Amino acid sequence: IVCTVVYYGLSLNSGNLGGNLFVTFTMTMLIEIPSYIFAYLALTRLGRKGTLSFVLLLGGAACFVSGFISEGKPCGRTALFASPTLVTTHTFTDAHLKYQIS
């Protein structure tokens, strides 16, 4: 449930990053494509628990650091904003594969 709230919160908040609204939202959604590829490769080679722990720590760190970037730098904020989106997509994939295999 937490990952769902984070995912939709990030998607709906992408308009507040600055810059062009449509470009920012498109970049936020396009980050999901490499996330699915990364999730497939990481889960098949490294396993589920270690990969999930790593991406959740990475997403938390990105959310924490993005709060300290000034509003005058939309590119840096958008790049750090994309990391938690990548993480939540990965956790959805991980949870979905876990329940498909079980």
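General observations
- Residues that are more than 14 Å from THR88 (Cα to Cα) and without any contact (Cβ under 8 Å) to a residue 24 or more places away in the chain, drawn from segment 43-66: THR44, ARG45, LEU46, GLY47, LYS49, GLY50, PHE64, VAL65, SER66
- CYS75 loosely packed, with under 14 Cβ neighbours inside 10 Å and at pLDDT below 80: yes
- Residues of segment 7-34 classified as surrounded by 15 or more Cβ atoms within 10 Å (Cβ to Cβ) and farther than 16 Å from HIS96 by Cβ, total: 8
- Hey, ILE37 over 12 Å from the mean Cα position of the chain (by Cα), at pLDDT below 80 and open to solvent by 70 Å² or more (accessible area, probe 1.4 Å) or not: no
- Residues (open to solvent by less than 60 Å² (accessible area, probe 1.4 Å) and under 11 Å from the mean Cα position of the chain (by Cα)) located in segment 40-56: VAL55
- Some residue of segment 15-30 being among the hydrophobic types (A, V, I, L, M, F, W, C), more than 20 Å from GLY67 (Cα to Cα) and modelled with pLDDT of 85 or more: no
The values are calculated or read from the model by the stated rules, or taken from the named source; none is laboratory data. Not measured: the values here are computed from a predicted model. Note: ideal-geometry Cβ built from the backbone for every residue, glycine included; neighbour counts use all protein chains shown. Areas reflect the complete protein model, heavy atoms only, side chains present, ligands, DNA and RNA absent. Shrake-Rupley method; radii C 1.70, N 1.55, O 1.52, S 1.80 Å.
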